[in-house]
């Protein structure tokens, strides 16, 4: 069975990033939903999402 999760981050909306993406990734690790988790960042989304801080 393939027990890998790839999360593709394509939005620069910081609410989506912090309330959905990060929470799902953290819970996936803590609750052992997936054995391997990769977060793939699309170019510039990280910069734009955190620019407001």
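The values are calculated or read from the model by the stated rules, or taken from the named source; none is laboratory data. Computed from a predicted structure; not experimentally measured. Cβ: placed from backbone, ideal geometry, glycine included. Neighbour counts: every protein chain shown.
Scanning the range 8-20 turns up one or more residues that are in contact with a strand residue (DSSP E or B) (Cβ under 8 Å, 6 or more places away or on another chain), surrounded by 10 or more Cβ atoms within 10 Å (Cβ to Cβ) and at pLDDT below 80. Take residue 48 and tell me if it is modelled with pLDDT under 85 and out of contact with any helix residue (DSSP H, G or I) (no Cβ under 6 Å at 6 or more places or on another chain). Spelling it out, residue 48 is indeed modelled with pLDDT under 85 and out of contact with any helix residue (DSSP H, G or I) (no Cβ under 6 Å at 6 or more places or on another chain).
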